[in-house]
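To keep things clear, I will list the structure first and then write my remarks on it.
The values are calculated or read from the model by the stated rules, or taken from the named source; none is laboratory data. These numbers come from a predicted model, not from an experiment. Cβ coordinates were reconstructed from backbone atoms using ideal geometry, including for glycine residues, and neighbour counts include every protein chain displayed. With ligands, DNA and RNA removed, areas are computed over all heavy atoms of the protein, side chains included. Shrake-Rupley method; radii C 1.70, N 1.55, O 1.52, S 1.80 Å.
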Amino acid sequence: MRILAIESSCDETAAAVIEDGRKIISSIIATQVDEHKLYGGVVPEIASRRHCEAINGVVAETLERANMKLTELDALAVTYAPGLIGALLVGVNFAKGLSLSTGLPLIPVHHLRSHIAANYLAHPELEPPFLCLVVSGGHSHIVEVKSYTEMKVIGRTRDDAAGEAFDKAARTMGMSYPGGIHLDKAAEYGNEERYKLPQPKVSGSEYDFSFSGLKTAVINLIHNAKQKGEEINVNDLSASFRKAVVDSLINNFIRAAENMGYNKLILAGGVSANSLLRRRTSEEAEKRGWKCYYPPLELCGDNGAMVGSQAYYEYMAGNIADMSLNAAATKNIEAAFNTL
Ligand code: KG4
Ligand code: ZN
């Protein structure tokens, strides 16, 4: 089954043709990041406009590279939630138009479910059930993936997402948007014991996270140093911050896996590109004789291929939209597309 999938939830206009949920026939990503860099973050209105301009060309090129015509496809898929509403609407309306004109079924895909599915493209043997740490710019969840389309969130951030915290700490250190990757690179040269940062604690729910205190601690540390005329060692501060975030993610993730009896650890989302998070997850899994998987770097960020992968399983589960499909800025990963 060949699916043309479209993604426009944030600042990448992307499309892909995917076969049977597992094989990438073609995949194109047009990123707007250079423009948003000027403002230090994504400007929603600009994002929507750029998606409108790019989407036709991105889809045409995706089909051209696949050497396929619309008539050779079996279905269409689109990210419909969560994300920037104006950005999502561009993809959703484009896909609805294509579906109406071709008669192809339209599969609605949840953005975080597609991040998890990026792993199916890279690891043919991987199948649910497993425990997944989904860490992106907007979300930080520990998700019990019971089947391809049944999920349960067992831990979540109470405030900032991990990616958001990385980006804000990086920005305070003078790095350009999105700073997570720059902070990660700087951290590779730093001493992670140099700066003492608070270890975030959350009362109540056992596996929840909190990153805003850590972020504020870094911002205060930098401002205090500036006032005293002291130099900050950016590599050391990056390493100390990265360790604090990754420790918090890993501790809850491993504890949840142990308590719930999972022996397969999966990483997903933009922050799964983080070198320390990948290393630590592998080490912790190896120590216990567990398996661990994460997407290749090119599939960690937003792309159309992961949407096409998840779409295959949504289709198999009967999740197909009609022309009433709407985009949604927020949506629980557990919910079927036609429920709130
Ligand atoms: O999943 P994604 O592409 O977009 C959302 O769905 O939000 O995630 C983007 C986030 C950004 O916050 C970015 O800084 C972060 O992923 N990120 C990283 C790394 N690469 C990307 N964070 C830490 N270390 C990295 N290597
Ligand atoms: Zn994403």
Give the separation of the Cα centroids, region 214-242 to region 16-81, in Å.
38 Å
Where a ≥ b ≥ c are root eigenvalues of the Cα gyration tensor, a/c under 1.5 meaning rounded, otherwise prolate if a/b exceeds b/c and oblate otherwise, region 129-295 counts as prolate
Angle check, please: helix 85-102 long axis (alpha carbons) against the longest principal axis of the chain (alpha carbons), in degrees 0 to 90, nearest 10.
20 degrees
Would you rank Cys52, Cys132, Cys292 by solvent-accessible area, highest first, keeping every protein chain in place and using a 1.4 Å probe?
Cys52, Cys292, Cys132
From zero up to wherever the largest Cα-Cα distance of region 1-107 sits, split into 5 Å bins and tell me the percent of pairs in each.
2, 14, 24, 24, 18, 10, 5, 2, 0
Using each residue's phi in region 4-19, evaluate 6.51 cos²θ - 1.76 cosθ + 1.60 at θ = phi - 60° and report the 3J(HN,Hα) Karplus result to the nearest Hz, with x for Gly and Pro.
8, 10, 10, 10, 8, 7, 9, 10, 10, 9, 9, 8, 7, 10, 10, 9
For every helix of n ≥ 4 consecutive DSSP H residues, a contribution of -39,500 (n - 2.57) applies; sum these over the chain, divide by its total residues, and give [θ] at 222 nm rounded to the nearest 500 deg cm²/dmol.
-14000 deg cm²/dmol
If you wrap a convex hull around the Cα atoms of the chain, how much volume per residue is inside, in Å³?
127 Å³
Among Ser309, Ser324, Ser275, residue whose mean-square fluctuation peaks in a GNM of the chain (springs only between Cα atoms under 10 Å):
Ser324
Suppose accessible area is computed on protein heavy atoms with a 1.4 Å probe; arrange Glu127, Glu61 from highest to lowest.
Glu127, Glu61
With everything on Cα atoms, drop me the angle between helix 111-122 and the longest principal axis of the chain, reported from 0 to 90° to the nearest 10.
80 degrees
As I understand it, the value is the acute angle between the Cα axis of helix 162-172 and the longest principal axis of the Cα atoms of the chain; what does it come to in degrees, rounded to 10?
60 degrees
Among Glu144, Glu206, Glu231, whose mean-square fluctuation peaks in a Gaussian network model of the chain (Cα, cutoff 10 Å)?
Glu231
Of Tyr312, Asn259, Leu63, which is farthest along the charge dipole of the chain in the positive direction, counting Lys and Arg as +1 and Asp and Glu as -1 at C-beta?
Asn259
Which whole-Hz couplings ³J(HN,Hα) result when phi for each residue of region 43-51 is put into the Karplus expression 6.51 cos²θ - 1.76 cosθ + 1.60, θ = phi - 60°, listed in order with x for Gly and Pro?
9, x, 5, 5, 4, 4, 4, 5, 4
What is the dipole size for region 96-237, taken about its Cα centre, with +1 at each Lys and Arg Cβ and -1 at each Asp and Glu Cβ, in debye to the nearest 20?
460 debye
